[in-house]
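Undergrad: Sharing a structure, written as structure tokens. Questions coming.
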Amino acid sequence: MSLAPVVLPPNEGQTMAIVGDKYRFLATGKETGGLYTQIEAVVYPGGGPPPHIHRREVEAFYILEGEITFLIDGEQLVATPGMFANVPIGVVHTFRNNTDRPARMIITIAPSGLEEMFLACGKPVSPDAESVSPPTTEEIETLMKLAPEYGVELIL
């Protein structure tokens, strides 16, 4: 299989509002041969997923701007720019922006595939959008329905 190089300028690439946060897909399984997915995520104040477990993927986070509070395997960590967190398969984790400013991070998911869940439950937005709408009940219900199909266990 031959893959083409991918170069995305700032503010280009498929961008989705995913239950209140903005995800710009830098590389998906299509571009990486299924090896990984990489996302630039903007997490708005109060944003972030509920606690969950990935049964298929490792998930890694690199903080670019702002502050994200992680809860990983029962340990809380306040992550600031330059910090990195790697979450192995099967570990309960969540993240949240507990500040009054957006935070930006790179999320790497390996192997790829989980991006398909995000694309199925999100709504397209402009990459340069300053904000996205809060999640609707329908978006949350769609995510909760799709999560088990993608090996994600939500801890509610």
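Undergrad: Test of the criteria: in the range 94-156, which GluC sites (Glu not before Pro) are in a DSSP loop and have at most 16 other Cβ atoms within 10 angstrom of their Cβ? Numbers along the way, then the final one.
TA: Values: sites: Glu115, Glu116, Glu130, Glu138, Glu139, Glu141, Glu149, Glu153; in loops: Glu130.
Within the range 94-156, the qualifying GluC sites (Glu not before Pro) (loop, at most 16 other Cβ atoms within 10 Å) are Glu130.
Undergrad: How much length would be gained if the chain were fully extended between Leu154 and Leu64, taking 0.36 nm per residue of separation minus their Cα-Cα distance, in nm to one decimal?
TA: Details: separation 90, 0.36 × 90 = 32.40 nm, distance 2.62 nm.
This chain segment gains 29.8 nm when fully extended.
Undergrad: Output ³J(HN,Hα) for the range 111-122: one whole-Hz value per residue in order, computed from phi by the Karplus curve 6.51 cos²θ - 1.76 cosθ + 1.60 with θ = phi - 60°, and x for Gly and Pro.
TA: Values, residue by residue: x, 6, x, 5, 4, 5, 5, 4, 5, 6, 9, x Hz.
Undergrad: Give the residue from Leu77, Ile155, Val91 lying farthest towards the positive end of the charge dipole for the chain; charges sit on Cβ (+1 for Lys and Arg, -1 for Asp and Glu) and the dipole is referred to the Cα centre.
TA: Val91
Undergrad: Same structure again: With springs connecting C-alpha atoms under 10 Å apart, model the chain as a Gaussian network and identify which of Arg55, Arg104, Arg96 has the largest mean-square fluctuation.
TA: Arg55
Undergrad: Take the chain, connect every pair of alpha-carbon atoms lying under 10 Å apart with a spring to form a Gaussian network, then pick out the residue of Gly122, Gly74, Gly90 with the largest mean-square fluctuation.
TA: Looking only at Gly122, Gly74, Gly90, the largest GNM fluctuation is found for Gly74.
Undergrad: For the range 65-142, just the Cα set please: Rg and Dmax, both in angstrom.
TA: Both quantities, over Cα of the range 65-142: 14.2, 36 Å.
Undergrad: What full-extension length gain, to one decimal in nm, is calculated for Glu141 and Leu71 as 0.36 nm per residue of separation minus the Cα-Cα distance?
TA: Details: separation 70, 0.36 × 70 = 25.20 nm, distance 2.32 nm.
Contour length minus the Cα-Cα distance gives 22.9 nm.
Undergrad: Tell me which residues come under 5 Å, amide H to amide H, from Ala27 once H is placed; ignore anything under 5 positions away on its chain.
TA: The list, which skips near neighbours in sequence, is Gln38.
Undergrad: Would you please state which residues of the range 17-46 a label at Arg104 would reach in this model, taking the label point 7 Å out along Cα→Cβ and a backbone N cut-off of under 13 Å?
TA: From the range 17-46, the list is 22-24, 40-44.
Undergrad: Another question, then. Take the Cα coordinates of the chain, assign each an equal point scatterer, and use the Debye formula without solvent to give log10 I(q)/I(0) at q = 0.13 Å⁻¹.
TA: -0.56
Undergrad: Summing Lys, Arg as +1 and Asp, Glu as -1, what charge do residues with Cβ under 14 Å from the Cβ of Thr37 carry, Thr37 excluded?
TA: Working: positive: Arg24, Lys30, Arg56; negative: Glu31, Glu40, Glu57, Glu59, Glu115, Glu116.
Here the charged neighbours net out to -3.
No value in this document is a laboratory result; all are computed from the given coordinates. What you see is a predicted model, and the numbers here were worked out from it, not measured in a lab. In this analysis, Cβ positions are derived from the backbone assuming ideal geometry, glycine residues included, and neighbour counts consider all displayed protein chains.
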